[in-house]
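Taking it in order: structure first as C-alpha cells, then the write-up.
The values are calculated or read from the model by the stated rules, or taken from the named source; none is laboratory data. Please read these numbers as outputs of a predicted model, since none were measured by experiment. Quick reminder, even Gly has a Cβ in these numbers, built from the backbone with ideal geometry, and neighbours come from all protein chains shown. Keep in mind that these areas ignore ligands, DNA and RNA; they rest on the heavy atoms of the full protein, side chains included. Shrake-Rupley method; radii C 1.70, N 1.55, O 1.52, S 1.80 Å.
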Amino acid sequence: MQQVVPTYAPGTSTELLERAGELATLVESLEAVRSSSRGHVVLVGGEAGVGKTALLRRFCEEGREAARILWGACDPLFTPRPLGPLLAVAESAGGELEEVVASGVMPHEVVAALGRELRSRAPTVFVLEDVHWADEATLDVLKLLARRVETVPALVIASYRDDELDRRHPLRLVLGELATSRPVVRLKLAALSPAAVVELAEPHAVDADELYRKTAGNPFFVVEALASQAEEIPDTVRDAVFARAARLSPSPQQPVEAVAVVPQRAELWLLEALAGEAIDGLDECLTSGMLASEPAGVAFRHELARLAVEESIALNRRVGLHRQALVALTDPPGGGPDLARLAHHAEEAGDVEAVLGFAPAAAVRAASLGAHREAAAQYARALRFGDRLGPAERAELLERRSGECLVIDQYDEGIAGLEQAVECRRALGDRLKEGDALRRLSEFLWCPGRTAEADRTARDAVALLEDLPPGRELALAYANLASTCGAAMRSEEAIAWGERALELAERLGDAEIAAYALATVGVCEGDFEKLEQSLELGRRADLPERVARAFMLLACIAVERRHSQARRYVEEGIAYCSERGIELFRLYLLAYRARLELDQGRWPEAADAAASVLRIPRTSTTPRIHALVVLALVRARRGDPEVWPLLDEAWALAEPTGELPRLGPVAAARAEAAWLEGDRDAVEAATAAALPLALERRARLLIGELAEWRRRAGLGGAVPAAAAKPYALQLAGEWARAAELWTALGCPYEAALARLDAEEEEPLRHALEELHRLEARPAAAITVRRLRERGARGLPRGPRPSTRRNAAGLTPRELEVLALLAEGLRNADIAARLVVSPRTVDHHVATILRKLAVRTRAQAGAEAVRLGLTGQDR
C-alpha cells in the first residue's frame, strides 16, 4: 500500500489513502512554477466521489504557506451561471479582477485581468473545482489561460468528473485541445484498492470484502457507508446518505433540506430565508459532517449527497422551498439578482411566468459573455413552457435558441427549432419573418451536409422576400444564397447573387451584409483585395463573426494559391476566433493549418493539427473532411497503416453533399494513396466522377491534380487545358519548370514528385534525397526503382536503421530518452544523465509522446514495452 496521508475534510477523521503519487506530482508542479516562474496546468479527473476535492484540499492546506490559494467551484445548476466559479475567486482577489468579472466582459478580457492578478503575487495555486459543471464562458477562460499559462507564475488545477463526459460534452472539447500542450499534466484518480478499504473498515467491525464489492472502492461510497453506522452495508450511496441524515435530531432536518435545494451552496442569508428558526440546528449538521461550512455559505460535503437528499424531499415541500428561494433571490442583500439561479428555481417551483421572465434574460446575459451553450439551454428551458406563449413569442424564442445552436454546432436542435419557427410565422401570415426564418434554416442545413435542402430553402427565402418591399431580410437572403452557391463552386451564380446583396446593403447602409457578401464575391473571384476589404469592414463595424468568416476564407484560398500569405491568415484567424469563442470558424482554420503544414513538408505538425480537429466532435462536415484527408495523406506518404479507413470516412461525409469542395480533396487523396500502392484501378475509380465535375465547375487546381494522378497511373484521356500551374507544366512534360514552381511555393513533396518524370539520373537522385528527408517511404521506393531501371548504383538507404527498426520511428536520441523515461526519471534527471538542457529533454519527450500517439509519460513507458523499444541498441 502506498503512503497514507491525512486528508483535509471537515467533520471526518478519514485518511487519504493511496494518493501519495498524485500529491507528489502536485508538489513537483508547484515547485517547478516557483523555480522557473512559468505556469503549469494539472487536470485532475476521476469518477464522482473518488476524492478529487479531498486531494486538492489536502495539497492546498499543506502548501498554503508556500503559495497563495485562489479557489473557485463550478455550480451544479441545470444551466450554470456564466463565470460562476470566478465570482468567488474575483471576490477573494479583489481589485481589477473583481471589477472585470462583475462587469460581464468577454472571456479573453477576463483572462487578461486574471493574468495580471496572477503575476502580481507569485506563486499562486489557482483551483477550478468541478469544471464538468462549468459554463461555456468559464471553459473559455480555462482554455485561454491554459494556452498562456507559461506567462504567469501560477499552478492552475482543474478537477472534473470524467465519468460524466459524453462525446459532445463541452469540457471534452477543451480537454482534447489541451491534450498535446506541453505545460499540461493529467492526473487520473483511481478507486481505492481492497487493501485500503480493509484499513478504513477495520475500526467499524464491517465486512471489508462485502464493503469493497458494493462500493467498488469509491472513497465517497466507502466513507458514507461507514458513516451510516448501519449493521448491514447499504446497497447504494443514497441509502448511506439517508442513514447519516436519519441520525440528526428533528431540528437540523430543515437546514439540510434547505441546503439540498440550492445547488453548490446556500448563503447564510438565503438559508435563514428557507429554514427560518430551524437554522439553529445548523451546528449539529456541521458537526455531523453532513454539511460543511465554506466562506461563501454552507454546502454538502459531496454533491451526490445533496442530490440524494433533494430527491428524497416530499414534492410539495421541495416545490415550496424552491418558491421561497425564488422570492429570496429576486432581491438579494448584496449585488444584483443572479438570473441563472432564478431561472433554475423558477423551473423547479413550476412558476411558468417566472421561467418565461428569467430564462430568456439569463440567455441574453450568457450570450453576451460568450457562453452560447448556456444561452441555448436557457432558451430551451423557456421553450419547455412555450405552450403558454403566442405563436409570435414562441417563434422569437425558437429563432434565438437556433442562433445560439448555430454557434455551438447543435444542428439537429437548431434545424428542428427553425422548422417550428417557420410554421409559426406562416400560421401568423408574417411573410417577412417567415422568409427570414427560411434564410436562417438554409444556413443551418448547409453545414451538416444537407446541401440540396439548403439550396432549395435559400431560394424559397429569396422568392418569398422578393414579393415584399426590399429590406434587410432580402439583402441577407441574397447574401446567403450567394454563399450557398459559392460553396458549391457555382461561382458565376454566386457572384451575381452577391452583387445583388452588396447593392441592397449599400442602399441600406448595412455594414454586416456588405461584409458578408463582399467576402463571398471575393473568394469566388479569388480576389484577395475584396476579402481584405471584408475583413477590414468587419473590424471597423465590430462584427466578430464576419471578421472570423473573412479570415477563414482568406486562409482557404491562400492555402491553395499563396502559401507565403497563408501562415499569417491562419494564425491571426485562429487567435482572433479563440479569444472571442467563435469555435465554428476556428475549426475551419485549424483544418487549413493542417493542410498548410502538409503542403510545406511539416508532416508531424500536419498530423497533430489534423488530430486536434478530429478530437472535436462537431456536426459541421467540412473541417472534419479536410482533417481526415490530411491525416490520411501523412500516413499514406510515410507508408503507415490505417490510411483507407480515414479516406472512407471522409468520402462518406463528402459524397452525399455532391459539392466539389468536399468531394474533390477526398477524391485527390484517394487517387494519391492508390498510386502510392500501385493500384491503377483505384486511381481510375477515385477520379472518374470527380474530374468531370471539376471541369464543369472550372476548378483549375483540382482539375490539374486529378489529371496528374491519372497520368502518373498510366490512364489515358485528353490532357485538360484548364489545369492550373504547376500541374499544367507537369501535364505538358515540363517537369523541371514544374519542380521549380513547386519549390518556390514551398511544397517539397510535390517538387520531388515532379522530378520523377526526369530521364536523367541527377534530378531523380535529388528527388530521392528530398523524399528520404520527408520520410516519404512509398514515393522513395518508386524513385529507387526508376533509378535502378536507369542503371544507378550506390543509392542512399534513407532513414538510419535504428530509426527504421522501431515502429514509432524514434531517433537514437529519442530512444535514449524513452528508456530513461520508462525508468521513471524526471526531465531534469534525464537532462543531467545525458548532459543536455532540460528544454532539450522537454522537446524530446513531447516528440516521443506524439510519435507513440500517447498523452502521458506513463503511457509512453507502457507503449515502449509493448513495442519492444526499450531494449533496442541506442
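Structure data summary
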quantity	calculated
Answer residue from the stretch 714-730, given it is among the hydrophobic types (A, V, I, L, M, F, W, C) and within 20 Å of residue 689 (Cβ to Cβ) and is surrounded by the fewest Cβ atoms within 10 Å (Cβ to Cβ) among those	718
Per-region count, the stretch 560-592, residues at pLDDT 90 or above and of a type in the set (Gly, Ala, Ser)	4
Residue selected from the stretch 305-352 under the condition surrounded by 21 or more Cβ atoms within 10 Å (Cβ to Cβ) and among the basic types (Lys, Arg), by the criterion farthest from the chain's Cα centre (by Cα)	306
The lone exception for residue 631 - which of (1) within 19 Å of residue 449 (Cβ to Cβ); (2) crowded, with 19+ Cβ neighbours inside 10 Å it fails	(1)
2 or more residues of a type in the set (D, E, K, R) and more than 30 Å from residue 102 (Cβ to Cβ): qualifying helices (runs of 4 or more DSSP H) within the stretch 338-447	391-408, 411-428, 431-446
Test: residue in the stretch 521-543 that is closer than 30 Å to residue 113 by Cβ, open to solvent by 40 Å² or more (accessible area, probe 1.4 Å), in contact (Cβ under 8 Å) with a residue 24 or more places away in the chain and not basic (Lys, Arg)	yes
Residue check, residue 786 surrounded by fewer than 20 Cβ atoms within 10 Å (Cβ to Cβ), of a type in the set (Lys, Arg) and in contact (Cβ under 8 Å) with a residue 12 or more places away in the chain	yes
Residue ID - nearest to residue 70 (Cα to Cα), chosen from residues in the stretch 246-298 that are in a loop (DSSP other than H, G, I, E, B) and out of contact with any Lys or Arg (no Cβ under 8 Å at 6 or more places or on another chain)	295
Residue that is more than 23 Å from the chain's Cα centre (by Cα) and over 22 Å from residue 549 (Cα atoms), where the choices are 452, 437, 380, 366	452
Subset of the stretch 731-772 that is part of a loop (DSSP other than H, G, I, E, B) and closer than 21 Å to residue 633 by Cβ - its residue that is most open to solvent (accessible area, probe 1.4 Å)	746
Qualifying position, being touching a helix residue (DSSP H, G or I) at 6+ places or on another chain (Cβ under 6 Å), modelled with pLDDT of 90 or more and open to solvent by less than 10 Å² (accessible area, probe 1.4 Å), among 97, 145	145
The stretch 812-828 - residue that is under 32 Å from the mean Cα position of the chain (by Cα) and of a type outside the set (A, V, I, L, M) and, of those, most open to solvent (accessible area, probe 1.4 Å)	826
Test: residue in the stretch 158-172 that is in contact with a helix residue (DSSP H, G or I) (Cβ under 6 Å, 6 or more places away or on another chain), open to solvent by less than 10 Å² (accessible area, probe 1.4 Å), on the phi < 0 side of the Ramachandran plot and assigned to a helix (DSSP H, G or I)	yes
Wholly within the stretch 635-694, helices (runs of 4 or more DSSP H) carrying at least 2 residues that are touching a residue at least 12 places away in the same chain (Cβ under 8 Å) and surrounded by fewer than 19 Cβ atoms within 10 Å (Cβ to Cβ)	644-654, 680-687
Condition check for residue 551: open to solvent by less than 30 Å² (accessible area, probe 1.4 Å) and more than 28 Å from the chain's Cα centre (by Cα)	no
Every residue from the stretch 457-480 that is surrounded by 24 or more Cβ atoms within 10 Å (Cβ to Cβ), touching a residue at least 24 places away in the same chain (Cβ under 8 Å) and of a type outside the set (Phe, Trp, Tyr)	458, 461, 465, 474, 475, 476, 477, 479, 480
Near pairs, Cβ below 7 angstrom, 6+ apart or cross-chain, from the stretch 102-125 (under 15 Å from residue 70 (Cα atoms)) to any residue that is of a type in the set (Ser, Thr, Tyr) and open to solvent by less than 40 Å² (accessible area, probe 1.4 Å)	118/124
Qualifying residue in the stretch 774-788 (condition: in a helix (DSSP H, G or I), modelled with pLDDT under 95, under 37 Å from the mean Cα position of the chain (by Cα) and among the basic types (Lys, Arg))	yes
Count - residues of the stretch 70-86 that are open to solvent by 30 Å² or more (accessible area, probe 1.4 Å) and either closer than 25 Å to residue 26 by Cα or of a type in the set (Val, Ile, Thr) (or both)	1
Verdict on residue 491 being open to solvent by 10 Å² or more (accessible area, probe 1.4 Å), polar (S, T, N, Q) and touching a Ser or Thr at 6+ places or on another chain (Cβ under 6 Å)	no
Matching residues in the stretch 429-456 - criterion: being open to solvent by 30 Å² or more (accessible area, probe 1.4 Å), in contact (Cβ under 8 Å) with a residue 12 or more places away in the chain and under 18 Å from residue 471 (Cβ atoms)	430, 431, 432, 433, 440
Residues satisfying the stated conditions in the stretch 50-91, i.e. modelled with pLDDT under 80 and under 22 Å from residue 218 (Cβ atoms)	76
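Condition check ((1) without any contact (Cβ under 8 Å) to a residue 40 or more places away in the chain; (2) assigned to a helix (DSSP H, G or I); (3) under 24 Å from residue 181 (Cβ atoms)) across all residues:
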| site | (1), (2), (3) |
| --- | --- |
| 551 | yes, yes, yes |
| 564 | no, yes, no |
| 574 | yes, yes, yes |
| 592 | no, yes, yes |
| 610 | yes, yes, yes |
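Yes/no per residue for (1) aromatic (Phe, Trp, Tyr); (2) at pLDDT 80 or above; (3) over 23 Å from residue 20 (Cβ atoms):
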{"position": "191", "(1), (2), (3)": "no, yes, no"}
{"position": "195", "(1), (2), (3)": "no, no, no"}
{"position": "199", "(1), (2), (3)": "no, no, no"}
{"position": "202", "(1), (2), (3)": "no, no, no"}
{"position": "216", "(1), (2), (3)": "no, no, no"}
{"position": "227", "(1), (2), (3)": "no, no, yes"}
{"position": "231", "(1), (2), (3)": "no, no, yes"}
